[in-house]
1. Using a 10 Å cut-off around each Cβ, can you sort F26, F177, F9 from fewest to most neighbouring Cβ atoms?
2. With n ≥ 4 as the cut-off for DSSP H runs, can you work out [θ] at 222 nm for the chain, using -39500 (n - 2.57) per run divided by the number of residues, rounded to the nearest 500?
3. Expected output is a single nm value to one decimal: the length gained when fully extending between K2 and R195, i.e. 0.36 nm times separation in residues minus the C-alpha distance. What is it?
4. State the dimensionless ratio Rg/Rh of the chain (Rg: radius of gyration of Cα atoms; Rh: Kirkwood radius).
5. Enumerate the calculated ³J(HN,Hα) couplings along the range 111-122 in order (Karplus 6.51 cos²θ - 1.76 cosθ + 1.60, θ = phi - 60°), each rounded to whole Hz, writing x wherever the residue is Gly or Pro.
6. Rank the residues V255, V104, V20 as a footprinting-exposure proxy: fewest other Cβ atoms within 10 Å of their Cβ go first.
7. Which aspartates and glutamates, if any, have their Cα less than 16 Å from the Cα of K2, not counting same-chain residues under 8 positions apart?
8. At 7 Å along the Cα-to-beta-carbon direction for both K170 and D30, put a label point, then send me their distance in nm to one decimal.
Amino acid sequence: MKESTKRIFRLHGWRVDRAVHNYLYFVFYDLYVKGALYLTKAVVALFSRLEATRYIPRFIFDRYHAKVLSRGDVNKILNLEETVMLGTDTTRRIIPFKYANKIVLREPTHLAVMDCPCKLELDDPCQPVASCIAVGRPLVDFWLEHCQKYHVRRITKEEALAIIDEHRRKGHINQAFFKVATGGSMGVICNCCPRCCVSMRATALTRRIKGAEDISQYAPSGYKVRHDAGKCRLCGKCAEVCNFGAVEIRDGERVYHAESCYGCELCVENCPQGALSLYLEEGGLLPLDIDLARELLGG
């Protein structure tokens, strides 16, 4: 047994089932996400008319999630120099998930990138395909030992930030993924778009079920967007780059649907007039800002 595999079993302790799940999840990453999408399609197609069906996706989604990240929050994660072990977020202010709700990054200077299994599921995926980033030595070592078919390679912090920026320029958002089977904590940062990302596609499908309209596999960043009308020229760039339909230009005015905004920061980065900025909504979710998380969760 390879050393990285042994670490997985030590991580999960007596929960051998989760260790096996963890192993299969990454070794068969492409088949896993494809199966998850087909399962979601089957649930929607077969049971969308049944009231009881709304409990099925909730059970699944309680164990697999993502948190949308701003560019600033990504930068703090990738600039970490020491191990961070925070949680559990019992208040669910930052990570609003029932089970996977810890921030654990062991030796985060170790980074790797590999092909996105969501993109591999498509005939004509967004490019570049190499867009899943592992943060932390245990996961990086596992990928390097077990995931060569996904063209995994070790990268530097500078390379990781360059990958992030390349995808953001193409309108992709960043998400930190949390999963019960991987220890209930984060470790993977993905570059996602609604066309390729299985979690975003599965969420859109599941919301067709009556009573499941509020279900989502990804949580908002915790930020909203402030608009300076004095600087705005109504160019519509913010509406063009928004993946969530939170902005539109209507009758010569900019209309912002705050309830639909996930605070990904793409509109802020792409506003040519600098008319947009992020702010924390009072009483709402908090961002996965490492500095803020340390204050709230300790560590």
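We did not get these values from a lab; they are worked out from the coordinates using the rules stated. Note that the structure is predicted; figures quoted are calculated from it, not measured. Positions of Cβ are backbone-derived with ideal geometry, glycine not excepted, and every protein chain shown enters the neighbour counts.
1. F9, F177, F26
2. Estimated from H runs of four or more residues: -10500 deg cm²/dmol.
3. Length gained, K2 through R195: 65.9 nm.
4. In the chain, Rg relative to Rh is 0.96.
5. 9, 8, 10, 8, 4, 6, x, 5, 5, 5, 6, 9
6. V255, V20, V104
7. D141, E145
8. Label at K170, label at D30, 1.7 nm between them.
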